[in-house]
Amino acid sequence: MTVMQNPFCYHAPMFVQYLVNDPQRYLFVVVTVVISIVCHELAHGYMAMHRGDTTPESAGHLTGNPLVHMGPFSLAALFLCGIAWGQMPINPARLRGKYAEALVAIAGPATNLGLAFMTLTGLGLWARFASGGDSEIAGNAQTFLLVFGATNLLLCAFNLMPVPPLDGSHILANFHRGYALFISDPSKQQFFFFGFILAFMISGRLAPSLNTAAYSYLALIMGS
């Protein structure tokens with residue numbers, strides 16, 4: 001499960017306003033979120049297949065089509081509000097291995113961390129070794145890579161929070177039977193709603209720190 005709000009839209013009453021006020025930022029955020037969610041969900045699916053569950057394939061979710069992973073409502077929410085989510089059908093009963101469910105769950109955030117690492121590393125090396133004058137196209141591409149890397153750091157951290165339906169809850173439940181019983185109790189569902197709202201608020205607080213971490217890593221790669 002993937003749910004995210006991009007850190008660049010916290011102060012916008014409606015994210016879609018960026019389409020008029022700052023169309024470049026709007027485009028960068030939308031493209032980043034769509035690519036990141038698709039990769040995140042595919043990671044869940046391929047790990048599930050590796051652990052014996054063929055549900056992702058039989059359900060037709062091993063595709064790069066955002067409509068399959070996100071659906072029209074999620075895409076509309078992204079275009080209007082900067083909020084989006086995705087789904088990958090998994091049948092835990094078919095998974096092989098004691099910690100297979102945790103492996104499937106962690107595959108998504110790990111993919112976002114890998115995307116952030118590769119993107120920021122590439123950007124840092126580009127800035128360090130590129131020769132010649134800066135062009136507008138190169139500057140825009142570098143800005144996109146920075147947005148992509150920082151957003152994937154946030155997506156990784158957010159999804160690791162142990163609150164249903166986020167991936168962190170499945171990881172913890174696979175290692176802690178008491179927590180697994182707690183989150184499967186229908187009478188406790190109201191707690192998860194407030195827990196999710198809290199996780200969403202915490203992610204907003206984390207965004208500046210993660211952006212700082214992204215800039216620090218870039219500085220390290222650039223040798224500055």
Please verify whether Ile90 is part of a loop (DSSP other than H, G, I, E, B), crowded, with 16+ Cβ neighbours inside 10 Å and not aromatic (Phe, Trp, Tyr), treating the condition exactly as stated.
yes
Scan Ala110, Ala150, Ala127 and give me the residue that is more than 17 Å from Tyr215 (Cα to Cα), touching a residue at least 40 places away in the same chain (Cβ under 8 Å), touching a helix residue (DSSP H, G or I) at 6+ places or on another chain (Cβ under 9 Å) and assigned to a helix (DSSP H, G or I).
Ala110
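If the requirement is being among the small types (Gly, Ala, Ser) and crowded, with 17+ Cβ neighbours inside 10 Å, which of these qualifies: Ser216, Ser203, Ser184?
Unique residue meeting the criteria: Ser203.
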Regarding Gly60, is this residue under 20 Å from Thr111 (Cα atoms), surrounded by fewer than 15 Cβ atoms within 10 Å (Cβ to Cβ) and modelled with pLDDT of 95 or more?
no
Gly132 vs. criteria at pLDDT 95 or above and either in a helix (DSSP H, G or I) or surrounded by fewer than 16 Cβ atoms within 10 Å (Cβ to Cβ) (or both):
no
Among the residues that make up the range 157-174, is at least one of them of a type in the set (A, V, I, L, M), assigned to a helix (DSSP H, G or I) and within 24 Å of Phe28 (Cβ to Cβ)?
yes
Close pairs (9 angstrom Cβ cut-off, 6 or more residues apart or separate chains): among the β-branched types (Val, Ile, Thr) in the range 60-80, surrounded by 10 or more Cβ atoms within 10 Å (Cβ to Cβ) and part of a helix (DSSP H, G or I) anywhere
Thr63/Val38; Thr63/Leu42; Thr63/His69; Val68/Val38; Val68/Glu41
Take Phe192 and decide whether it is in contact (Cβ under 8 Å) with a residue 12 or more places away in the chain and among the aromatic types (Phe, Trp, Tyr).
yes
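The values are calculated or read from the model by the stated rules, or taken from the named source; none is laboratory data. Quantities reported herein were computed from a predicted structural model and do not represent experimental measurements. Counting neighbours? That spans all protein chains shown, and the Cβs are built from the backbone with ideal geometry, glycine included.
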